[in-house]
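See structure below.
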Amino acid sequence: MKEYRIAAIPGDGIGAEVIEAGLRVLDALQEREEGFRLAVDSFPWGSDHYLEHGCMMPEGGLQALEKFDAIYFGSAGDPRVPDHITLWQLRLAICQGFDQYANVRPSRLLDGISSPLRGVGPERLNWIIVRENSEGEYSGIGGRSHRGTPLEVGTDVSVFTRKGVERIMRFAFDLARSRPRKMLTVVTKSNAQRHGMVMWDEIFEIVKADYGDVKTDKMLVDAMTTRMVLKPESIDVVVATNLHADILSDLAAALSGSMGIAPTANLNPEGDYPSMFEPIHGSAFDITGQGIANPIGALWTASMMLEHLGEAAAAGRLMTAIERVTNAGKALPRDLGGTATTLEVADAVIAAIHGAND
Ligand code: ATP
């Protein structure tokens, strides 16, 4: 029997609640599948750890994670700790430390879920946004001087490297090529940002020459938001910078039903390091502790993790079970118009897993 080592980092806010639900469902799934086992170790890292020890994860944290096959992450963010600390000391430390340069964010309408876009059904909204996840606007380069004086300066430098841009373009083209419609839209802002973004566009054109079978087009990021709303069927795979894709994928999540549904994978495609899987939503302090968070984003994320581990049958069974629940409409969480708690949704998915092939 194959065994995969999973590092679970539930983190802060509703992250901890949805990962608990996700682990419960994964447990049920491995009972049903029988072909593999998941050995899960949980790491209590996040804002409580910071408040107690002064760091989001202990020294040596990355080395501890390195021996795992995948990381299952909840969220980092807490009103008591500045956002740049929670983000940089945990999630970004892992993404950058493990060179998880491809962030993959699928959006589609699950069975039974309707879009806030009038008249848009599942056949018109089925996208994958590929986010450059290692540099760009989130490179961490910049600084502040003359703090607290009228001369104070703050800078954040967007960094684009030929290597970084080329590898994310190739990843996106390969992904587009693997999908039936074989379409790729590159998002840019090269009209206003005339150095890094112009290089981004040029490298896209160079890589494109190797993918004659993929249809391509180019959009300014501002125009892309309106296209997502007005012509969702014209989009297949999208590649965008770290910041642009961060924003576009929140919009994509809302258009496909709720922030609570959407999954994401932070991939190190070469497999030199573990990849990390997380729902796209954050800690959602407004609903933390109430047990009402939608766990579907964390469950879809778990399905992406299984797919990545090579367990496509289990990944498919989990998605089928999730969609049985969304389609039946009886155990929906509040953000989808129901009254089910986080664990009630998870239990409904578990029941569907046990019945999925009956
Ligand atoms: P962070 O700063 O960590 O990104 P946030 O609270 O600013 O967190 P999100 O957590 O992404 O942002 O969520 C924005 C809003 O969407 C939340 O306030 C919440 O109302 C809703 N939301 C997000 N995720 C879920 C979920 N899983 N279930 C229900 N509602 C959710």
Of D210, D48, D174, which has the largest mean-square fluctuation in a 10 Å C-alpha GNM of the chain?
D210
Scan around F277 for amide H atoms under 5 Å from its own, H built in the peptide plane at 1.01 Å from N, and keep only partners 5 or more places away or cross-chain.
I71, Y72, F73, N266
Long-range amide H partners of V40, meaning residues 5 or more apart or on another chain whose placed amide H is closer than 5 Å, are I6
Lys pairs in the chain, Cα-Cα under 28 Å, at least 8 apart or on separate chains: how many?
19
Among L51, L117, L248, whose mean-square fluctuation peaks in a Gaussian network model of the chain (Cα, cutoff 10 Å)?
L51
Filter the trypsin sites (Lys or Arg not before Pro) in region 7-38 to those in DSSP coil with at most 16 other Cβ atoms within 10 Å of their Cβ, and list the result.
none
Whole angstrom only: what separates the Cα centroid of region 70-108 from the Cα centroid of region 125-201?
17 Å
So what J values fall out for region 102-113 if you push phi through Karplus, 6.51 cos²θ - 1.76 cosθ + 1.60 with θ = phi - 60°, rounded to Hz, Gly and Pro as x?
10, 9, 10, 10, x, 9, 8, 7, 5, 3, x, 9
Calculate, axis by axis, the spread of Cα positions in region 115-256 along the three principal axes, and write the results as whole Å, longest axis first.
55, 38, 23
GluC sites (Glu not before Pro), loop per DSSP, at most 11 other Cβ atoms within 10 Å - longest free stretch of the chain
153-269
Sorted list, accessible surface of protein heavy atoms, 1.4 Å probe, largest first, for Y4, Y72 is Y4, Y72
What's the whole-number percent of alpha carbon pairs in the chain lying beyond 24 angstrom?
58 percent
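The values are calculated or read from the model by the stated rules, or taken from the named source; none is laboratory data. Values in this document were obtained by computation on a predicted structure and should not be read as measured data. Cβ: placed from backbone, ideal geometry, glycine included. Neighbour counts: every protein chain shown. In case anyone asks, the SASA skips ligands and DNA or RNA and just uses the protein heavy atoms, side chains included. Shrake-Rupley method; radii C 1.70, N 1.55, O 1.52, S 1.80 Å.
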